[in-house]
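First comes the structure, then the notes that go with it.
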Amino acid sequence: RSHLPQIADRCVLMENINNPQLVREMAGHGDSFTDHSFAGKRILTVGRISEQKGYDMAVEALALLCRDGFDVKWYILGGGEEQDIRVLRDQAATLNVEDRLVFLGTTVNPYPYIKDCDLYVQPSRHEGKPIAVEEAKILSKPIVVTNYLSAHEQLKNGLFGEICEISSEGIYRSCKHLL
């Protein structure tokens, strides 16, 4: 409004619309993690596989957590180019965490996965205002987000989760703290 006052009377801000009741209902139906024998902590990230989403930093953070003795798996729910997935698999193999990084593919109902994870992480380099973070809040999950532009709008640092620096070390420290 202040940047374009000549059209301010024709502008309206509309936030992403979520239906908490529907999210909670859908979280009780559908597929979730299939490795039922895994007794460790499940870290989940939802989003397309691309450089913007910071999955390379997540793999490094995963390696640091495993180095520190955390029994964790990091699950990625979302699709991407086969080449991008292969790069992340190779990175995980190089860091000896290939058995701790799980690609779930895509689904029309991500909510059972969000409900069943122990920690939701948005390791993005930049974002608009990711709906998946709002959905993790609806499902009362501890959350780590990097300090992208809208992070402070979504999380009150320490109340709904932690906002960390945009780096593998920052992601690692916040995950470690919440785990």
Options ALA27, ALA63, ALA92, ALA58; residue that is at pLDDT 95 or above and more than 19 Å from SER167 (Cα to Cα): ALA27
Which numbered condition PHE103 fails, given (1) under 17 Å from ILE49 (Cβ atoms); (2) assigned to a helix (DSSP H, G or I): (2)
Set LYS176, LYS156: member being farther than 22 Å from GLN52 by Cβ, of a type in the set (Lys, Arg), open to solvent by 40 Å² or more (accessible area, probe 1.4 Å) and free of Cβ contacts under 8 Å to residues at least 60 places away in the same chain: LYS156
Failed criterion for PRO20 (all others in (1) over 15 Å from the mean Cα position of the chain (by Cα); (2) open to solvent by less than 60 Å² (accessible area, probe 1.4 Å); (3) closer than 17 Å to GLU135 by Cα; (4) at pLDDT 95 or above hold): (4)
Residue tally, condition in a loop (DSSP other than H, G, I, E, B), of a type outside the set (S, T, N, Q) and touching a residue at least 40 places away in the same chain (Cβ under 8 Å), over the stretch 11-52: 8
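Please work out if LYS129 is closer than 13 Å to LEU44 by Cβ and either in a helix (DSSP H, G or I) or open to solvent by 10 Å² or more (accessible area, probe 1.4 Å) (or both).
Details: closer than 13 Å to LEU44 by Cβ: no; either in a helix (DSSP H, G or I) or open to solvent by 10 Å² or more (accessible area, probe 1.4 Å) (or both): yes.
So LYS129 fails the test.
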Within the stretch 5-60, considering residues that are touching a Pro at 6+ places or on another chain (Cβ under 8 Å) and of a type in the set (Val, Ile, Thr), the one farthest from THR94 (Cα to Cα): VAL46
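On the given criteria, is ASP9 open to solvent by 40 Å² or more (accessible area, probe 1.4 Å) and in contact with a strand residue (DSSP E or B) (Cβ under 9 Å, 6 or more places away or on another chain)? Spell out the reasoning first.
On the way: open to solvent by 40 Å² or more (accessible area, probe 1.4 Å): yes; in contact with a strand residue (DSSP E or B) (Cβ under 9 Å, 6 or more places away or on another chain): no.
No, not satisfied.
The values are calculated or read from the model by the stated rules, or taken from the named source; none is laboratory data. Just so it is clear, the structure is predicted and the values come from calculations on it, not from any experiment. All Cβ positions, even for glycine, are placed from backbone atoms using ideal geometry, and neighbour counts span all protein chains on display. The area values use the complete protein model at the heavy-atom level, side chains included, leaving out ligands, DNA and RNA. Shrake-Rupley method; radii C 1.70, N 1.55, O 1.52, S 1.80 Å.
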